[in-house]
Amino acid sequence: MAPRPLIEAEALPALEPIELAGTSALAVARFRPLSSWARGAFLLDSTMLLAGALAAQLGAGVAGITNMPVVSLLAYGGLVLFALHRRGLYSWHVRLQTLDDVRSVIVATVLATTAVLSLRILLPGEIDDLAGQSVRLWAFTAVYLVAGRVALDWAHLAARRHGEVAKPTLIVGAGRIGRLAARRLQEHPEFGLRPIGFLDKEPLDEQGLPVPVLGASWDLEQLIEQHCVQHVVVTFSTAPSEVLLREVKRCEELGVGVSLVPRLFESLTERLQVEHIGGLPLLSARKTNPKGWQFAAKHAVDSLISAVLLFAAAPLFLLLSVGTLVSVGRPIFFRQPRIGRDGRNFEMLKFRSMKTVSEPVTLPDLPLDTAPGGIEGDDRRTRFGTFMRRTSLDELPQVLNVLRGEMSLIGPRPERPDFVQLFERNVPRYGDRHRVKSGITGWAQVHGLRGKTSLSDRVEWDNYYIENWSLWLDFKILLLTILAVSRYFTQAE
């Protein structure tokens, strides 16, 4: 979601501090897991590169292609590993992003292939089968590397979720942002950080804290050694800047990773530009303009894809229409007013999944910070309607909304007018979601924020999507949506 913060090491068992040339053995030991992680990832990539190159070479004769010279193979392997290192694939990250790693692997292998091919053309020597050799080597090594990376990420993600590699984490500042950070880390063990306590001299209110306040700034080094702290997250506190700077510097000396939550973080994006006035850094966030050409191109692509999708899914559309007609009768579509871009009303379409009711349905009373969704009132779903809702196939008619220009394939989910008026008064930045067209699926939905989930979290993810939009982000959301739907069918079998 956010730019990957600096993470140093895997979790370690508690170690007794032993002074060793002015630095405790605990501080020295903190660097080993990072080296182990980098070494393990490097060895895996090297093994996959070797296996892919051998497969390409051994089968080259069958394909009628001569083998590539060993020198070219070594140059290719070295360039790939260097490119992967430059793209940060040998660093420990908070968020494991498999799709981004796959993209990095493909980019690295393409760059290495291009470089080796160019050198072989420019340098004197045999140039027969250059294209065939290069394409074959790239294809085999890319597939092997991608398979290895996916397996590594999935294994590491499973280990994190089971708490096997969780790093004890200290949070500086027990205010609202500090508590939010602690709760996020507790709710998402896949981040690999386990909060153990706060560091704050004057916490605002110690009631309801997700973890206890362990001390103040002067207790930092003692707490690091006592709890074998591997990471420190600096949020907002009443401590002076000089004190925070000393804490950060001491953490770096002890080999403890440090992440900072910046002021005005709501206005930052992943596309940051840093300039300096002397030693004073100036950060400029480059945001995508929802009224600019990028979103105009996105909407044109939406219309094209929705037209193709409607044509390709016509048999499924017909089957679902017949199933709806048999299970609940006419009308086939459920029409409901929703609020879209710039606060405009439109009728969102769905396949009907419930039996009609004679009494009007009133808006439900929702707990604080909870979005509407799911079943409101009596459960009137038919068996066929239950199937459509679980697989999200009831949303398929919204492709027609996209064709009519009312919605987009990807974007924040639209809400009913009455709820919009309520949420705009009570939820910060809720109205900012209406800068773009509503979507059939979105960044919040593919991360589990659908139905009766946290509304403020959903708003945060929706606005992140708008301000960091790119074609690659849309592509990731589409892939994650397809995986989520296919996962249902796999589990059903």
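The values are calculated or read from the model by the stated rules, or taken from the named source; none is laboratory data. Bear in mind the structure is a predicted one, so any value in this text is a computation, not a measurement. For neighbour counting, all protein chains shown are included, and Cβ atoms are generated from backbone atoms with ideal geometry for every residue, glycine included. Side chains are part of the model used for accessible areas, which takes the heavy atoms of the whole protein and leaves out ligands, DNA and RNA. Shrake-Rupley method; radii C 1.70, N 1.55, O 1.52, S 1.80 Å.
Tabulated results
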| quantity | calculated |
| --- | --- |
| Residues located in segment 435-462, provided they are surrounded by fewer than 22 Cβ atoms within 10 Å (Cβ to Cβ) and under 24 Å from ARG404 (Cα atoms) | ARG435 |
| Residue identified as among the small types (Gly, Ala, Ser) and either surrounded by 18 or more Cβ atoms within 10 Å (Cβ to Cβ) or within 21 Å of the chain's Cα centre (by Cα) (or both) among GLY411, GLY431, GLY405 | GLY411 |
| In segment 266-292, the residues that are more than 20 Å from SER470 (Cα to Cα) and either in contact (Cβ under 8 Å) with a residue 60 or more places away in the chain or surrounded by 12 or more Cβ atoms within 10 Å (Cβ to Cβ) (or both) | LEU283 |
| Only listed residue being among the β-branched types (Val, Ile, Thr) and either in contact (Cβ under 8 Å) with a residue 24 or more places away in the chain or crowded, with 17+ Cβ neighbours inside 10 Å (or both), chosen from VAL135, VAL143 | VAL143 |
| Hits in segment 416-427 - residues which are surrounded by 13 or more Cβ atoms within 10 Å (Cβ to Cβ) and without any contact (Cβ under 8 Å) to a residue 60 or more places away in the chain | PHE419, LEU422, PHE423, GLU424, VAL427 |
| Residue match in segment 185-194 (condition: crowded, with 20+ Cβ neighbours inside 10 Å, free of Cβ contacts under 8 Å to residues at least 60 places away in the same chain and either part of a helix (DSSP H, G or I) or touching a helix residue (DSSP H, G or I) at 6+ places or on another chain (Cβ under 9 Å) (or both)) | yes |
| Lone qualifier among VAL229, VAL233 - being assigned to a loop (DSSP other than H, G, I, E, B), more than 30 Å from THR47 (Cβ to Cβ) and at pLDDT 90 or above | VAL229 |
| Options LEU214, LEU209: the member that is in contact with a helix residue (DSSP H, G or I) (Cβ under 7 Å, 6 or more places away or on another chain), open to solvent by less than 90 Å² (accessible area, probe 1.4 Å), under 18 Å from ALA181 (Cα atoms) and modelled with pLDDT under 90 | LEU209 |
| Pair list, Cβ under 8 Å, 6 or more apart: segment 474-493 residue at pLDDT below 90 and of a type in the set (Lys, Arg), other residue surrounded by 12 or more Cβ atoms within 10 Å (Cβ to Cβ) and in a helix (DSSP H, G or I) | none |
| Test: residue in segment 301-308 that is hydroxyl-bearing (Ser, Thr, Tyr) and either farther than 21 Å from LEU403 by Cβ or modelled with pLDDT under 90 (or both) | no |
| Of residues in segment 390-401 being crowded, with 18+ Cβ neighbours inside 10 Å, in a helix (DSSP H, G or I) and not acidic (Asp, Glu), the one modelled with the lowest pLDDT | LEU393 |
| Residue match in segment 90-99 (condition: part of a helix (DSSP H, G or I), under 28 Å from HIS231 (Cβ atoms) and modelled with pLDDT of 85 or more) | yes |
| Candidate set from segment 140-191 (those that are among the β-branched types (Val, Ile, Thr) and closer than 25 Å to VAL211 by Cβ); member that is modelled with the lowest pLDDT | VAL165 |
